[in-house]
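Beneath this line is the structure, given in structure tokens, with notes to follow.
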Amino acid sequence: MTLLPRFEIQLRDGSSFVIRKKLTFWRDKYEFDNLGLRIEGNIWDLDFKLLDDRDQLIAEIKKELFHLTSTYTVTVLEDAYADLVISLCVAIDYVEMLESQSH
């Protein structure tokens, strides 16, 4: 058991992944368990790519600036990953909202 935030995201197909906060002194850091994809870029600025184990691009996610609400450009190149990608974006946005409320 840990006192640090941990979020489990359950997908429609029954699979799941976990976002958990790591204890750091400088900047908030999170790890992703069971995601099955590699993240390249800056996930907390929502400007990143998801790649599979063969380095094939699965999706690109970019947060659009200058909007009153969270607005994203999400490009999913593999339909089989659509639920995972959208769920990941929503989960990251939710975690960021919780973090901003706690500061």
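Values computed for the structure shown
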{"read-out": "Among residues of segment 53-75, those that are in a loop (DSSP other than H, G, I, E, B), modelled with pLDDT under 90 and in contact with a strand residue (DSSP E or B) (Cβ under 9 Å, 6 or more places away or on another chain), counted", "value": "3"}
{"read-out": "Pairs with Cβ under 8 Å, 6+ apart, first in segment 20-38 and modelled with pLDDT under 75, second open to solvent by less than 100 Å² (accessible area, probe 1.4 Å) and assigned to a strand (DSSP E or B)", "value": "Asp28/Lys21; Lys29/Lys21; Lys29/Lys22"}
{"read-out": "Boolean, Asp47 is under 11 Å from the mean Cα position of the chain (by Cα) and among the charged types (D, E, K, R)", "value": "yes"}
{"read-out": "Selected residue (only one of Leu50, Leu35 is outside any strand (DSSP E or B), within 16 Å of Ile92 (Cβ to Cβ) and open to solvent by less than 90 Å² (accessible area, probe 1.4 Å))", "value": "Leu35"}
{"read-out": "Test set (1) open to solvent by 50 Å² or more (accessible area, probe 1.4 Å); (2) not in a loop (DSSP other than H, G, I, E, B) - Leu3 fails condition number", "value": "(2)"}
{"read-out": "Search result, residues across segment 50-81 that are over 19 Å from Glu40 (Cβ atoms) and free of Cβ contacts under 8 Å to residues at least 12 places away in the same chain", "value": "Glu64, Leu65, Phe66, His67, Leu68, Thr69, Thr71, Asp79, Ala80"}
{"read-out": "Qualifying residue in segment 76-95 (condition: open to solvent by less than 60 Å² (accessible area, probe 1.4 Å) and not in a helix (DSSP H, G or I))", "value": "yes"}
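The values are calculated or read from the model by the stated rules, or taken from the named source; none is laboratory data. All of these numbers come straight from a predicted model, not from anything done at the bench. Cβ: placed from backbone, ideal geometry, glycine included. Neighbour counts: every protein chain shown. These area figures cover heavy atoms from the full protein model, side chains too; ligands, DNA and RNA do not enter into them. Shrake-Rupley method; radii C 1.70, N 1.55, O 1.52, S 1.80 Å.
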